[in-house]
1. Please list the radius of gyration and Dmax for region B:128-248, considering alpha-carbon atoms only, with Å as the unit.
2. Calculate the spin-label point distance for A:Phe331 paired with B:Asp221, positioning each point 7 Å from the Cα along the beta-carbon direction, and give it in nanometres.
3. Output the relative contact order of chain B, whole-number percent, from Cα pairs under 8 angstrom with separation of 6+ residues.
4. Based on the Cβ-Cβ distance of B:Gln81 and A:Asp141, what FRET efficiency does E = 1/(1 + (r/R0)^6) give at R0 = 60 Å, to the nearest 0.05?
5. Give the order of B:Ile240, A:Ile302 when sorted by the count of other beta carbons within 10 angstrom, beginning with the fewest.
6. Write down the radius of gyration of region B:69-152 and its Dmax, each obtained from C-alpha positions, in Å.
7. Sum -39500 (n - 2.57) across every DSSP H segment of at least 4 residues in chain A, then divide by the residue count to get the 222 nm mean residue ellipticity, nearest 500.
8. Per residue of A:255-268, what is the mean number of Cβ atoms on other protein chains within 10 angstrom of that residue's Cβ?
Amino acid sequence: MIKFTDEQSMLLETAADFCRNHGPIEKVRASLDADDIDRGLWQEMSDLGWLGINVPEEYGGLGLDISSIVPVVESMGRYLLGSPYVSSVLVAECLASCGSDSQRSEWLPKIVAGTIGTFALTEEDGSWVLDDIEAVGTVSDQTLHLTGTKMFVTDADVADLIIASVKIDGAVRLVLIERNQIPPGNLSREVVIDQTRRSFRLNLDGIEISASQVLAGSDLKAIELNSMLMLCAEMSGGLTGVLQVIVEYLNTRKAFNRLIGSYQSLKHPSADIVLSLEAAKSHLYYAATLVSDGDDNAETAIRMAKAQASEAFAFAGDRAVQFHGGFGFTFECDAQLFLRRALWCQYQHGDENYHCRLLEPLLLDQAV
Amino acid sequence: MTEKELVEFRAEVAAWFRDNAPDDPGFLLPETFMEVGTDEQFEFLRDWQHKVYEAGYLGMAWPKEYGGGGRPQILQDIATQEMAKARVPFMTNTIGLNWAGPLILKMGREEDKKRYIKNILSAEDIWCQGFSEPDAGSDLGNSQCRAVRDGDEYVLNGSKIWTSLGTYARHMILLARTSTEGSNKYAGLSYFLAPMNVPGIDPKPIQKLTGEYGFCQTYFDNARIPADCLMGQEGEGWNIAMVTLTFERGATGGQAGGISSMELTVNDVVELARRVKRNGKPAIEDPDVRRQLVNFLIESKSNRLMGVRSTIPALASEWPTAVMMSGKLRASELNRRLSRFALSMLGANAARFVSDEATDGGKWQRGYFNAFSATIGGGTSQIQKNIIGERVLGLPKD
């Protein structure tokens with residue numbers, strides 16, 4: 001029911017070691033709101049072959065499926081590492097399934113070698129429904145003129161390619177925008193709740209690309225589900241990280257001559273958090289198994305995982321701040337880093353209410 | 001065994017339970033071993049367990065020389081799963097099958113194994129548990145019931161409470177105090193495999209909040225039991241009790257298998273939502289009901305998946321004991337909330353109780369009240385959270 005191969009175990013071990021070594025919290029703090037990504041870290045990830053895990057072998061990758069990335073992303077989430085890793089991997093996944101032969105052979109080997117990719121999907125109303133968009137692409141001759149605005153385009157300033165969703169002749173299509181096709185001034189940095197994220201607003205007005213840059217396929221659902229799987233991995237890791245922060249403080253801080261962890265009002269919610277982490281991790285690897293198997297129930301499993309983890313991680317972050325008392329109210333306390341990460345993950349690609357609503361017909365209206 | 005053999009075995013067991021499931025006895029059966037309150041219920045359930053054992057689907061992995069099947073554990077696991085799926089009555093000798101039996105197999109003397117194991121499986125000897133006391137609540141270490149050595153006997157005085165099946169049991173796993181000295185309260189405790197049919201042992205049924213019976217308070221008044229009923233040495237009682245609790249909580253394998261309750265599942269409640277009405281329409285069309293059902297389905301899935309993932313060492317979390325230490329807490333709390341939610345769907349009829357007019361004869365109301373036995377018994381949920389905080393997360397004691 002949950003499968004985990006030896007290959008994945010090895011990857012998990014490597015990733016856990018790597019992220020532990022790169023993840024001291026001081027380093028994370030130094031990277032907040034940074035002007036550039038950590039190039040050294042990126043190079044190392046690329047050298048480890050992590051950018052090609054899900055890329056077909058003919059393009060220089062390992063040819064595994066997207067679920068094999070889960071242990072890597074979970075480890076990154078554990079230490080709050082920020083990088084364009086997830087977006088690049090997901091762009092590769094999208095190109096492999098929706099791109100033309102020439103798009104695949106042009107871009108996939110580059111991504112394996114460290115070229116950065118990202119998505120421009122969300123728009124100003126913040127809707128989680130990915131085909132609910134206003135951006136438009138108008139064809140004239142062989143040129144596509146883009147208009148509209150995209151939000152939450154992570155690492156857009158350093159990305160070599162951006163996959164954006166636009167309506168062409170009324171249908172939602174995916175287009176591949178290269179960095180040199182974005183006029184200066186069309187990108188502006190967004191202030192976002194998770195400061196390990198480098199997020200941009202992308203003004204599409206005035207961008208012109210070749211009609212050949214439209215992707216053959218436009219499987220938004222696959223993008224949504226794969227993105228959610230990665231967010232679940234990040235949340236599972238983040239829950240572990242924030243619980244470590246809680247446990248450490250509860251075992252050292254005293255109030256009224258007692259270690260605060262001895263008070264049941266703090267101990268019991270901490271027990272709830274560890275069980276919610278166990279649940280999140282279980283849903284995560286179950287969903288990963290179904291994705292890997294191409295099982296029809298993968299969507300249900302991913303939405304369940306996203307709903308459960310979103311609520312659990314946000315609760316843990318919230319309690320982490322509260323349990324630190326006055327210190328928790330300061331920027332210096334690490335609890336806020338996890339709370340911010342939790343809120344980002346919760347509100348990207350749908351929170352628990354959104355997914356529970358979508359799960360209702362999937363779980364309740366089928367024949368029993 | 002090959003995958004094919006396992007599949008065949010599963011089919012064989014499923015067919016057996018389908019063909020041999022007992023007929024409706026014509027009276028409301030209890031839903032767990034803690035709720036057996038009348039002689040007709042008890043006799044019906046004892047005969048059923050006997051039949052399952054004779055068919056070879058109980059104690060399959062226990063050693064053959066003591067009456068078990070001597071077969072791989074996986075077969076018993078499959079048989080137990082099929083038993084649950086078939087919705088047949090539970091195995092009533094749960095304390096023997098799942099707590100006392102595995103304890104005796106693990107720590108008992110050869111003669112104990114020969115003497116007790118087979119009759120546990122066949123339901124010939126019913127076992128009960130004497131751990132809790134009226135004044136000790138969840139604090140087992142505080143047991144006051146006395147056992148004083150007198151020649152070849154121990155003399156018992158005091159009382160134990162929440163003895164399920166107390167009036168039917170032939171033996172009791174008993175935690176009693178052999179000494180009031182020692183460095184701490186645990187040091188004076190000893191563990192006995194005690195007979196119930198001796199003068200001075202008197203199990204008195206307790207009426208539950210449902211109005212039914214099922215538990216006893218067992219009184220000891222100068223009751224004399226043979227000294228060789230002592231398990232291990234004097235003073236080892238606390239440690240042996242802790243081993244028993246690992247079996248009780250399902251933290252360790254080794255149980256005889258079989259179901260010990262007619263577990264309420266979230267699917268039962270979904271099914272109820274399809275057939276009861278709210279505002280003139282099936283409750284399952286009500287937005288609030290739908291949301292709650294989805295939440296319960298996710299939670300129930302969480303519990304199932306945790307059990308599955310915990311068997312994969314590479315996927316252990318940084319607190320690897322959390323899953324096994326929390327089984328009772330998670331299952332019992334889900335069951336209590338699920339039962340209460342089921343009631344909420346009945347509209348004004350939620351205010352009925354066990355009677356012909358009540359939906360399903362009042363099984364939902366009775367089920368909700370009985371759900372507290374598992375959230376309280378075996379260490380309350382609040383104690384369970386202390387245990388998880390302290391033993392899993394390493395937080396300080398209070």
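1. Computed over the Cα atoms of region B:128-248, radius of gyration and Dmax are 13.6, 45 Å.
2. Simple spin-label model gives 7.6 nm for this pair.
3. The normalised contact order for chain B reaches 14 percent.
4. So, using R0 = 60 Å, E works out to roughly 0.35.
5. With the fewest neighbours first, B:Ile240, A:Ile302 line up as B:Ile240, A:Ile302.
6. Expressed in Å, the Cα Rg and Dmax of region B:69-152 come to 16.7, 52.
7. That calculation yields -16500 deg cm²/dmol at 222 nm.
8. Partner Cβ neighbours, averaged per residue: 4.
Bear in mind these aren't lab numbers, they're just calculated from the coordinates by the rules spelled out. Please read these numbers as outputs of a predicted model, since none were measured by experiment. Cβ: placed from backbone, ideal geometry, glycine included. Neighbour counts: every protein chain shown.
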